[in-house]
Amino acid sequence: MTERSPNAVELRAVSKVYGASAAVRDVSMEIARGAFVTILGPSGCGKSTLLRMISGFVTPSSGDVLIDGVSVLGAAPYERDTAMVFQDYALFPHRTVAQNLAFGLRMRRIAKDEIARRVEAMLELVNLRGFGDRRVSQMSGGQAQRVALGRALIVRPAVLLLDEPLGALDLKLRKQMQAELKTIHRDLGLTFVAVTHDQEEALTLSDRIAVMNGGALEQFDTPENLYRRPATRFVADFVGNANLFDARIGGGGRVAADSLPLTLDLSAAQRGGRGEGTRVALVVRPETIAVGAAAPAHHDCRVEARVDEIMFSGAVQQITGHLPDGTRLTAHQSAALPAPERGATAIFSWPGQSVWLVDG
Amino acid sequence: MSAAHDIPRRRPLLRAALPAAGLLPLVLWQIVFFVVPVALIFGVSVWRTQSYRLIPAFTFDNYIAIFARPAIWRALLLSVETAAFVTVACAVLAFPVAYFIAKKAGRWRGLLLVAVIAPFWISIVMRVAAWRLLLGERGVINQVAMTLGLTDAPMSFLLYSPVSTAIGLIYAYLPLYVLPLYAAISNIHDNWIEAALDLNASPARTFFEVILPLSAPGLVVGAVFCFVFGLGEFVTPALLGGGKQLMFSQVIQDEFQRRLDWPSGAAMAVVLLVLVFAALALSMKWIRRASGETGL
Ligand SMILES: Nc1ncnc2c1ncn2[C@@H]1O[C@H](COP(=O)(O)OP(=O)(O)OP(=O)(O)O)[C@@H](O)[C@H]1O
Ligand SMILES: [Mg+2]
């Protein structure tokens with residue numbers, strides 16, 4: 001207790017092997033106390049397995065898990081100071097809403113009157129005042145979600161784990177619950193670790209995002225860095241939309257794209273210290289691309305492409321096109337700007353300094 | 001039912017009544033083989049006998065006589081005790097079996113369920129013969145116990161006693177308890193168990209807080225099977241009970257066949273029936289409460 005670790009959770013080179021395949025491989029991560037971290041990745045990449053190693057339901061094949069600076073490898077789930085919000089809520093069907101909320105406190109042998117007080121406060125916090133005596137089967141999806149959240153929050157765990165907590169809700173409710181989750185996180189100051197495969201949700205919710213792919217941690221960074229400075233091709237593609245063009249670094253810092261009539265002069269920072277001859281991919285975000293003859297002067301990268309499709313989605317129009325060699329290209333620009341003709345040839349342009357490189 | 005295809009759509013009443021027609025065979029069956037015999041039994045129970053002859057009457061003397069004869073009381077008590085003991089023993093034995101099959105057996109589940117039901121396929125006579133080999137004075141258990149020096153003389157209470165009746169009944173009814181329990185436990189989501197553990201409930205508390213209450217429907221249904229069958233059981237006590245301490249059903253049989261006092265036997269049968277219905281009514285209430293709680 002003398003020196004409290006600043007990290008609520010620390011993973012040290014954890015792996016989990018099932019038979020011949022690794023669900024999680026060699027993941028190291030430090031989650032600061034009070035942070036909101038999401039684990040993001042496609043289905044089957046090991047997100048739930050990672051979360052369950054923190055809660056104790058999966059024992060790592062190798063590596064170490066620390067909670068509040070103490071290794072918990074020897075601790076059973078019921079001995080760990082974590083609380084989980086399950087995707088299907090897992091509310092106890094034979095208990096009322098209030099009894100569900102009280103469960104963790106009862107197991108921790110809290111005094112009766114304090115339990116009653118904290119249950120009332122939690123009903124208030126999750127906007128369910130007056131619902132305490134309801135059966136959980138009488139709750140709507142959104143309400144059940146709040147009960148599940150409240151049941152885990154009420155014990156004030158060292159880490160709150162959320163496995164796709166909003167996965168079963170419709171879009172509108174999802175947005176609303178995202179905002180509520182964020183408010184609750186800020187108000188309570190607890191450490192949240194959430195799993196999602198929805199990149200937008202990860203970007204809105206969290207301070208830091210761990211992007212996983214095939215059991216490995218690709219990048220653990222702030223949403224902004226993930227977007228502006230993706231570490232790998234996978235991250236560039238998975239977080240936000242990206243146009244990826246294979247390229248090669250030439251002499252004097254010039255980068256030549258394989259398929260584009262395009263060479264770029266990139267700064268050493270953009271090249272990330274990569275030497276001549278390295279194969280790379282150019283990451284060009286769709287919203288940096290302008291379409292049409294009136295390209296801004298600082299858009300020094302320009303290619304001519306045929307426009308295939310124009311899709312309006314409110315404020316933004318998404319324009320897809322292809323280059324003579326077939327490479328596809330996507331641009332997002334303000335719907336206020338004039339749209340090009342479908343089937344016509346148009347200039348797609350973007351500023352070279354907004355281009356990011358990842359290993360090819 | 002044969003006319004189902006040409007029911008005009010404009011006759012909702014008939015359409016609503018049609019599915020109920022499917023119940024007809026069951027209703028007829030019940031009337032012919034249950035309602036009529038029970039009515040007859042009840043009718044006979046208020047008659048009198050004189051020199052082994054039945055005389056129609058309307059008297060409750062037979063019922064009053066039941067409560068006046070200690071031997072009958074003892075038999076009824078033994079039946080209730082045995083049924084209760086067998087029920088509790090079956091519950092305790094069936095729970096781990098049902099839990100294992102529902103939660104841990106994986107791909108062996110089907111095979112294990114068949115193994116649980118298998119004793120049903122063996123005739124009672126063969127089962128009893130096997131029990132005799134095991135429990136008799138020169139049976140396997142006594143031989144082993146004496147060889148090991150655990151006892152000097154063979155334990156005679158093992159066979160032809162309420163003990164052997166109880167053992168035989170537990171063995172016979174275990175599948176009846178395992179099956180409904182298995183069904184109830186299968187309905188318990190693993191996530192509920194994990195949620196309890198995650199919220200710092202020890203495995204023991206998880207059992208009492210989550211697993212046991214959610215198994216209640218299966219526990220009640222199994223208990224009803226065991227208790228009701230145990231109460232009225234005739235064959236097993238007749239073959240294994242030895243005849244020194246009679247169970248209620250044996251006394252009834254005695255009244256009908258040996259003493260030829262049908263009204264008296266019929267009155268006892270009615271008492272047994274009332275007990276059974278009381279047990280059923282009680283359990284219906286429990287089941288409704290238990291299932292109301294689980295929302296199943
Ligand atoms: N108990 C297990 N036994 C064998 N393989 C498992 C087990 N649990 C998970 N796996 C495998 O490990 C991999 C990662 O599973 P995990 O559930 O962690 O994925 P996930 O990222 O949570 O996916 P999703 O988004 O679909 O929930 C999968 O390929 C899965 O099949
Ligand atoms: Mg998962």
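Structure notes:
- Three-way shape label, segment A:1-152, alpha-carbon gyration tensor, a/c 1.5: prolate
- Protein accessible area in the protein assembly as shown, 1.4 Å probe - carbon and sulfur %: 61
- Rounded D (µm²/s) - segment A:163-289, Kirkwood Rh over Cα pairs, Stokes-Einstein at 20 °C, 1.002 mPa s: 128
- Note on B:Ala129 and A:Asn127: the model spin-label points, each 7 Å out from Cα along the C-beta direction, lie 7.3 nm apart.
- Residues losing 20 Å² or more accessible surface upon assembly, segment B:178-208, compared with the chain by itself, 1.4 Å: B:Asn191, B:Trp192, B:Glu194, B:Ala195, B:Leu197, B:Asp198, B:Leu199, B:Asn200, B:Ala201, B:Pro203, B:Arg205
- Residue among B:Leu219, B:Leu54, B:Leu14 with the largest mean-square fluctuation in a Gaussian network model of chain B, springs linking Cα atoms under 10 Å: B:Leu14
- For segment B:129-146, 3J(HN,Hα) computed residue by residue from phi via the Karplus equation (6.51, -1.76, 1.60; θ = phi - 60°) reads 4, 5, 4, 5, 4, 7, 9, x, 4, 10, x, 4, 4, 5, 4, 5, 4, 6 Hz, glycine and proline entered as x.
- Solvent-accessible area lost on pairing A with B (1.4 Å probe, both sides summed) amounts to about 2200 Å².
- Helix-only CD estimate at 222 nm, as mean residue ellipticity for chain A, using -39500 (n - 2.57) per DSSP H run (n ≥ 4): -7000 deg cm²/dmol
- Label sites at B:Arg258 and A:Leu244, each approximated as a point 7 angstrom past Cα along Cα to Cβ, lie 9.0 nm apart.
- Sorting B:Trp73, B:Trp47, B:Trp29 by solvent-accessible area of protein heavy atoms yields B:Trp29, B:Trp73, B:Trp47, largest first, with a 1.4 Å probe.
- A Gaussian network model of chain B, with springs between Cα atoms under 10 Å, assigns the largest mean-square fluctuation among B:Ser249, B:Ser156, B:Ser283 to B:Ser156.
- Converting phi to 3J(HN,Hα) with the Karplus coefficients 6.51, -1.76 and 1.60 and the offset θ = phi - 60°, segment A:49-65 yields 4, 4, 4, 6, 6, 6, 6, x, 7, 10, 8, x, 6, 7, x, 9, 10 Hz in sequence order, with x at every glycine or proline.
- Near A:Leu329, the amide H atoms lying under 5 Å from its own belong to A:Gly321; only residues 5 or more places off or on other chains count, and H is placed 1.01 Å from N.
- 3J(HN,Hα) from dihedral phi, segment A:347-360, Karplus parametrisation 6.51/-1.76/1.60, rounded to Hz, x for glycine, proline: 8, 9, 9, 7, x, x, 6, 8, 6, 10, 10, 10, 4, x
- Nonlocal amide H pairs with A:Ala194, under 5 Å, H built at 1.01 Å: A:Val37, A:Thr38, A:Ile39, A:Leu162
- Over all projection directions, the Cα-based convex hull of segment A:241-359 averages an area of 7.1 nm².
- Accessible area (Å², 1.4 Å probe, nearest 10) - B:His189: 90
- Taking all protein chains together and rolling a 1.4 Å probe, B:Ser123 ends up with roughly 60 Å² accessible.
- Rounded tilt (10° steps) of A:97-107 against the dominant C-alpha axis of chain A: 70
- Once the 1.4 Å probe is applied to the protein heavy atoms, the protein assembly as shown comes out at 50 Å² accessible per residue.
- Taking every DSSP helix (H) stretch of at least 4 residues in chain B, weighting each as -39,500 (n - 2.57) and dividing the sum by the residue count yields a mean residue ellipticity at 222 nm of -22000 deg cm²/dmol.
- The alpha-carbon atoms of chain A define a convex hull whose volume equals 180 cubic angstrom per residue.
- Computed lengthening from A:Ser71 to A:Ala336, 0.36 nm per intervening residue step minus Cα-Cα distance: 89.8 nm
- Heavy-atom accessible area, probed at 1.4 angstrom with all protein chains present, ranks A:Lys112, B:Lys103 as A:Lys112, B:Lys103, highest first.
- Two-site label geometry, A:Ala315 and B:Val35: point separation in nm, points 7 Å out along Cα→Cβ: 7.4
- Rg to Rh, two decimals, where the protein assembly as shown supplies the alpha carbon set and Rh follows Kirkwood: 1.17
- Across the cross-link table entries A:Lys47/A:Lys112; B:Lys244/B:Lys285; A:Lys175/B:Lys103; A:Lys47/B:Lys104; A:Lys182/B:Lys103, which are compared at the Cα atoms, the separations over 32 Å belong to A:Lys47/A:Lys112; B:Lys244/B:Lys285; A:Lys175/B:Lys103; A:Lys182/B:Lys103.
- Hull volume per residue, based on the alpha-carbon atoms of chain B and their convex hull, is 234 Å³.
- For A:Leu260, no residue whose modelled amide H falls within less than 5 Å of its own remains once neighbours fewer than 5 places apart on the same chain are excluded.
- Anisotropy class of segment A:287-340 from Cα gyration tensor, a/c 1.5 cut: oblate
- Accessible-area ranking of A:Glu30, B:Glu255, largest first, probe 1.4 Å: A:Glu30, B:Glu255
- Residues in segment A:329-360 that a label on A:Asp308 would reach, taking backbone N under 16 Å of a point 7 Å out along Cα→Cβ: A:329-332, A:342-346, A:348
- Taking the chain by itself as reference, segment A:79-111 contains these residues with an accessible-area loss of 50 Å² or more in the full protein complex (1.4 Å probe, heavy atoms): A:Phe86, A:Phe92, A:Pro93, A:His94, A:Phe103, A:Met107.
- With the cut-off at under 13 Å, measuring from each backbone N in segment A:55-81 to a point 7 Å along the Cα-to-Cβ line of A:Tyr18 picks out A:58-59.
The values are calculated or read from the model by the stated rules, or taken from the named source; none is laboratory data. Note that the structure is predicted; figures quoted are calculated from it, not measured. Using ideal geometry, Cβ is built from the backbone for each residue, glycine included, and neighbour counts are taken over all protein chains shown. Note: accessible area is taken over every heavy atom of the protein model, side chains too, but ligands, DNA and RNA are not part of it. Shrake-Rupley method; radii C 1.70, N 1.55, O 1.52, S 1.80 Å.
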